[in-house]
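Take a look at the structure below.
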Amino acid sequence: MQQAIKADALQIEGLSVAAQIGEKSYKALDGVTLSVARGEARGLVGESGSGKSLTLRAVMGLLPANLTVTAGAIRFDGRDLLGDGGKLLHEVRGTGISMVFQEPAVALNPVMKVGRQIVDGVAWRRGLSGRQAKELAVELLAQVGIKDPARWVDAYPHQLSGGMRQRVMIASAIASKPDVILCDEPTTALDVTIQAQILALFKALKTDLGAGLLYVTHDLSVVAEFCDSLTVMYAGRTVEQSDDLGALIASPAHPYTRSLLAAVPRIRGPIRRLRGLSSSAPSLTERDQKPAPALVACGPGRQVAPFTAEDERFFARDEEV
Ligand SMILES: Nc1ncnc2c1ncn2[C@@H]1O[C@H](COP(=O)(O)OP(=O)(O)OP(=O)(O)O)[C@@H](O)[C@H]1O
Ligand SMILES: [Mg+2]
């Protein structure tokens with residue numbers, strides 16, 4: 001097995017995004033900072049509305065029309081993705097960095113056969129013949145656990161179940177063997193067996209090809225099993241992160257992380273979900289308009305956002321809910 005090369009492939013530094021709603025502008029993201037190395041799977045957690053999907057979309061240059069990056073840097077292999085009129089981003093999107101979206105229905109083209117959408121870009125770049133492209137599509141469909149892939153390769157998205165569409169999207173994201181894969185809850189819609197199969201596939205991409213993964217999930221068992229490192233977001237900000245997942249879980253430094261993790265053991269059953277479906281976080285319009293304070297080091301490869309005694313009381317109360 002090839003040894004993964006340790007080098008930051010993706011760096012997000014102080015990323016701020018403003019949302020224009022009517023006449024007003026609100027902070028959707030505020031100083032988000034994280035990085036993903038090749039061969040690393042970084043979990044990204046935080047309750048609903050904390051800005052996980054927006055962070056991923058900002059990296060891909062696919063923010064909704066009323067949202068704009070107002071500050072910060074996004075680098076791929078040390079090169080600024082936001083500069084040069086988006087030329088580098090255009091170059092690396094789909095090849096260097098790809099994304100598995102939270103909603104497969106919007107990400108797939110309804111009038112293109114699924115096989116073609118999976119391999120179109122790769123086939124063009126590698127100069128594959130039509131037959132070779134189709135063979136590759138069938139192989140990728142098999143890899144993501146679709147039975148009888150030769151039958152489905154010529155289907156249209158609406159002919160597939162939700163779970164199958166999700167797998168088609170994963171196949172399309174891994175087709176070019178990208179350096180970084182942004183995964184937005186990629187297995188939430190899938191049953192447990194397929195979920196295990198997809199995770200094994202991501203693991204192989206990570207260890208054998210040295211891909212870096214940024215993995216958004218609400219499922220702590222996935223984080224524990226699969227991730228090397230973790231970033232926690234709250235209300236559009238990075239509140240805590242660690243290159244060593246175990247160190248963060250063993251002794252969370254921020255009161256929000258403590259409350260997030262404390263919510264887990266009370267939920268019984270094999271799948272332990274992080275709090276995330278119901279949010280007690282301030283909505284966009286209620287958020288602190290002061291700039292986010294810089295993160296401070298709190299151990300090797302660890303950072304935490306400064307917090308006040310009032311924050312401690314606020315989140316401790318949350319823990320008791
Ligand atoms: N087009 C938009 N206009 C205004 N606000 C938006 C827009 N898209 C997202 N937001 C807001 O930005 C915030 C972050 O949204 P985001 O989708 O990134 O959350 P998330 O962490 O991915 O949540 P979830 O776990 O529910 O997927 C939310 O408060 C959301 O309402
Ligand atoms: Mg989301």
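Annotations for the structure displayed:
- Legend: ranking of residues TYR215, TYR26 from fewest to most surrounding C-beta atoms inside 10 Å; resulting order TYR26, TYR215.
- Residue-count net charge about VAL138 - beta-carbon cut-off 11 Å; Lys, Arg +1, Asp, Glu -1: -1
- Candidate lysines - alpha carbon under 23 Å from LYS206, same-chain residues fewer than 8 apart omitted: LYS6, LYS52, LYS177
- Of all complete DSSP H helices in the chain, those with a Cα span along the helix axis of 15 Å or greater and a mean Kyte-Doolittle hydropathy of -1.0 or more are 114-126, 130-143, 162-174, 192-209.
- From the C-alpha gyration tensor of the chain, square roots of 5λ in Å: 33, 22, 19
- Radius 11 Å from Cβ of ARG287, net charge of other residues (Lys, Arg +1; Asp, Glu -1): 0
- In loop segments of region 141-199 as defined by DSSP, the trypsin sites (Lys or Arg not before Pro) with at most 16 further C-beta atoms inside 10 Å of their C-beta are LYS147.
- For the chain, the residue among ILE12, CYS298, ALA247 whose Cα projects farthest onto the positive side of the dipole built from Cβ charges is ILE12.
- ILE12 sits among other residues whose Cβ lies under 13 Å from its own Cβ, and their net charge, with Lys and Arg +1 and Asp and Glu -1, is +1.
FYI, it's all coordinate maths here, none of it is from the lab. Small disclaimer: the values here were computed from a predicted structure and weren't measured. Note that we place each Cβ from the backbone using ideal geometry, even for glycine, and neighbour counts take in every protein chain shown.
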